[in-house]
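Below: the structure, in structure tokens.
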Amino acid sequence: MPSTPADDNVWRGNALPLLNEIRHALERLLATGETTVIDLGALPMGAQDEAELLDALGTGEVDATVDAGGPSSVRETAFHGVWRVTHRNEAGETQARFIEIAFVPELLMSQREDVTDSSNALSKRLGVEQNIRK
Amino acid sequence: MAIDGPTIAEVLRQQGISRRGFLKFCATTASLMALPPSMVPAIAAALENARRPSVIWLSFQECTGCTESLTRSHSPSIEALILEQISLDYHHTLQAASGTAAEAARKAAMQENAGKYLLVVDGSIPLGNAGFSTIAGISNLDMLKETAAGAAAVIAVGTCAAYGGIPAAQPNPTGAVPVSAIIKDKPVLNVPGCPPIPVVITGVLAHFLTFGSLPELDALGRPKTFYGETIHDRCYRRPFYDQGKFAETFDDEGARKGWCLFKLGCKGPVTYNACATTKWNQGVSFPIQSGHGCIGCSEPGFWDAGPFYKALSMPIGPAKAAVGAAVVAGLAAGSAVALRNRSAKKSAQAAHQKVTVADLEKSK
Amino acid sequence: MSALELLTWARGTGLSLALVIFVFGILLRLFEIFSLGRKADLSRARDTSPGSGWRTIVRRSLPPPGLFKRSPVTYIGGYVFHIGFAITLLFFVPHIELVRGLTGLSWPGLPMQVVDIAAVAAILALFVVLASRLTNPVKRFLSGAQDYFAWLLTLLPLLTGYLAFHHVIVDYTLMLALHILSVELLLVALPFTKLFHTVSVFVSRWYNGDIFGRKGVAS
Ligand code: SF4
């Protein structure tokens, strides 16, 4: 038996406001370029609410895994610009779940500090003078 | 408020964690602290400069459930990461040292970080016989006072440390009191729950770690971010409450359909905690989601607040017996009044004198 | 004393005490009234009017012809208050649970939204009838301190219940405790004030109807 028995004919309705929030965030993204991050852990949702939400969002074109302190998955939903970001630890346990409304989620972008490190590392490997540090 | 040494960002970097990994750490920390995702840049900036705080953890009259909650949560985890970032200098359940060496470690940590360390306490403190609970021959009261003196702040973890808890239940044989009843000159932050949600414990530590200060508290000394709303306010079964759909027993149709548990004694409406959103076991579930009402374990006095399985609006005193007694008394008093009325009437009748026309004529 | 402790007292000792006084008071008053009795009526009944008492119960609950138009506030306000109050009292699920806890009896409740509307209507009606009591010279002349006291005692449970349900002003736990305490105040005062009409209203209407029937003005 599932831990949360669901009533088939009752719309719990906890997912609907969230979908509207996402709609507003998309409008904002188009108008000003501002990204929005929604923490799913901060919202009251039962198992069925979540299922409804994920069902409504569907799956889109991009499916990426970021391996940084455990595998995080970045999944575009059927709505372009609406991403599901799930952070997991090394043991694969979920730590935080977000909905990110952005052209590219922050997590996918290489970070300046890391790029600097890499640039240095590559230079070192090739025996070239390091000139970018800091 | 922190000891010298590398900053947390530097420590993570030394551990080979990339900036991307650091940002992930910041995002999960924000979620952990129940802060909005828009706070991530601020958290990142703060962690750049934060240094590892020293923590001393004292356990008094407790069941170790709070420590279990924290350490058994899941590992390696964000909690583990947070714990790695603090310097847990004394915790008599977790530390390897024992006896004199352990006490020496506590003293050393207190001296080295005087005025800066964080004191975490679980368990209540007996004010009755000092012998009720001692560590290394030192009474709980003395150890708390001594250790709190040089602390930057005190965190009371669990309902016992926060409000007295089960040891303080009637008739409170040990005279158990919470930390806040003893420590008056330091900020005391309460993280109640029996046990508290592990991520709430670490969330508070993370806040201290990140910002070097305690989060905003409510009137009962609890961080507002986690205890700002009732379970009922954030409960996913709330629509059923509003529609008047309730489970009547634990195995009826309503229970299977996931209806509201109010009638089964749910204390969600009067309980301030984060279970409904943060949940337990990596966000898998919480009692109400598993089909059991909230027992209100994070509220002061929950241990003496009536049966767990009686609806919040049900009477909990000897109401029925009292009403029975009242019926008897009412009947008795009522009969007495009736008898008095009767005799008053009878004597009025007896005193009644008939007046005839002749009498009236006479008196003229 | 924390809010939860106050609530625990209100649900426990407080409620027991209030119920004791309430039940004792009601029984005492009933005995007092019924044991008074009436003088035997030696005259022959003017007409045989079976059911006059019962019909009066109904008729006195409806406005007599013409009066509804002349004092609509009294009638509409009275109806709205009494019906709203009854719905709130009897069909709010936590209230039914209270009765079930005491007696084992229970019945289905109404959705919270319906009860909410009923409660708001009852509260508004109470304020309307108070305004009319204060502005209408006849009503004001007829009103004593006890009438205003009874009005307040009736308002408090409705108001605190509404505020608790909507989580306004103070937190739910404290408001719920205040709500239960206000009900306990009402229970204690009910047998000894005009609020006793909750128990006696239909008895006295029946009696009036019956006696008038005997005297030749049956309804
Ligand atoms: S299950 Fe408990 S917390 Fe959830 S809606 Fe019902 S009474 Fe409120």
- Query: So which of C:Leu4, C:Leu28 is surrounded by 15 or more Cβ atoms within 10 Å (Cβ to Cβ), within 7 Å of chain B (Cβ to nearest Cβ) and over 21 Å from C:Leu186 (Cα atoms)?
  - Reply: C:Leu4
- Item | Verdict on B:Ala136 being modelled with pLDDT under 95 and in contact with an Asp or Glu (Cβ under 8 Å, 6 or more places away or on another chain) | yes
- Message: Considering only region C:134-148, I want to know if a residue exists there that is closer than 24 Å to B:Gly317 by Cα, open to solvent by less than 60 Å² (accessible area, probe 1.4 Å) and touching a Lys or Arg at 6+ places or on another chain (Cβ under 8 Å).
- Response: no
- Message: Scan region B:208-219 and tell me whether some residue there is closer than 30 Å to C:Val183 by Cα and either at pLDDT 90 or above or in contact with a strand residue (DSSP E or B) (Cβ under 8 Å, 6 or more places away or on another chain) (or both).
- Response: yes
- Restricting the search to region A:39-61, which residues are over 22 Å from B:Gly258 (Cβ atoms) and either touching a Pro at 6+ places or on another chain (Cβ under 7 Å) or open to solvent by less than 50 Å² (accessible area, probe 1.4 Å) (or both)? A:Asp39, A:Leu57, A:Gly58, A:Gly60
- Scope region B:279-294; condition open to solvent by 30 Å² or more (accessible area, probe 1.4 Å) and within 11 Å of the ligand (Cβ to nearest atom); matching residues: B:Pro287, B:His292
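Could you list, in sequence order, all residues of region C:202-217 that are in contact with an Asp or Glu (Cβ under 7 Å, 6 or more places away or on another chain) and open to solvent by 60 Å² or more (accessible area, probe 1.4 Å)? Lay out the reasoning, then the answer.
If we filter region C:202-217 for residues that are in contact with an Asp or Glu (Cβ under 7 Å, 6 or more places away or on another chain), which is where we start, we get C:214, C:216.
Listed by number, the list holds a single entry, C:Arg214.
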- Any idea which residue in region B:233-245 is farthest from the ligand (Cβ to nearest atom), counting only those that are open to solvent by 20 Å² or more (accessible area, probe 1.4 Å) and assigned to a helix (DSSP H, G or I)? B:Gln243
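Yes/no per residue for (1) polar (S, T, N, Q); (2) touching a residue at least 60 places away in the same chain (Cβ under 8 Å); (3) assigned to a loop (DSSP other than H, G, I, E, B); (4) open to solvent by less than 10 Å² (accessible area, probe 1.4 Å):
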{"position": "A:Ala64", "(1), (2), (3), (4)": "no, no, no, no"}
{"position": "A:Ser72", "(1), (2), (3), (4)": "yes, no, no, yes"}
{"position": "A:Val85", "(1), (2), (3), (4)": "no, no, no, yes"}
{"position": "A:Glu90", "(1), (2), (3), (4)": "no, no, yes, no"}
- Item | Enumeration of residues in region B:229-247 that are more than 9 Å from every other protein chain (Cβ to nearest Cβ) and at pLDDT 90 or above | B:Ile231, B:Ala247
- Message: For the structure I just gave you, tell me whether C:Thr74 is farther than 30 Å from C:Gly209 by Cα and polar (S, T, N, Q).
- Response: no
- Take the residues in region B:307-324 that are more than 7 Å from chain C (Cβ to nearest Cβ) and assigned to a helix (DSSP H, G or I), then tell me which one is surrounded by the most Cβ atoms within 10 Å (Cβ to Cβ). B:Gly324
- Message: Quick check on my filter: what residues within region B:215-232 are open to solvent by 40 Å² or more (accessible area, probe 1.4 Å) and either over 12 Å from the mean Cα position of the chain (by Cα) or more than 18 Å from B:Thr159 (Cβ to Cβ) (or both)?
- Response: B:Glu216, B:Leu217, B:Ala219, B:Lys224, B:Thr225, B:Gly228, B:Glu229
- Message: For region B:246-266, give me the residue count where each residue is of a type in the set (D, E, K, R) and near the ligand (Cβ under 10 Å from one of its atoms).
- Response: 1
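Evaluate the following for C:Arg46: is it open to solvent by 60 Å² or more (accessible area, probe 1.4 Å) and in a loop (DSSP other than H, G, I, E, B)? Steps first, please.
Details: open to solvent by 60 Å² or more (accessible area, probe 1.4 Å): yes; in a loop (DSSP other than H, G, I, E, B): yes.
Yes; evaluated as a whole, the condition is true for this residue.
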- Task: Please specify each residue of region B:126-142 satisfying the condition of being open to solvent by 50 Å² or more (accessible area, probe 1.4 Å), assigned to a helix (DSSP H, G or I) and under 15 Å from B:Val179 (Cα atoms).
- Result: B:Asp142
- Reported set for region C:31-43 where residues are surrounded by fewer than 19 Cβ atoms within 10 Å (Cβ to Cβ) and facing chain B (nearest Cβ under 9 Å) is C:Glu32, C:Phe34, C:Ser35, C:Leu36, C:Gly37
- Message: It is to be established whether one or more residues within region B:205-227 are within 15 Å of the ligand (Cβ to nearest atom), of a type in the set (A, V, I, L, M, F, W, C) and outside any helix (DSSP H, G or I).
- Response: no
- Query: What number of residues within region B:295-336 are of a type in the set (Gly, Ala, Ser) and within 16 Å of the ligand (Cβ to nearest atom)?
  - Reply: 6
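The values are calculated or read from the model by the stated rules, or taken from the named source; none is laboratory data. Since we're looking at a predicted model, the values are computed, not measured. So basically every Cβ, Gly included, is an ideal-geometry build from the backbone, and we count neighbours across all protein chains shown. For the accessible areas, the whole protein counts, side chains as well, though only heavy atoms, and no ligand, DNA or RNA atoms are used. Shrake-Rupley method; radii C 1.70, N 1.55, O 1.52, S 1.80 Å.
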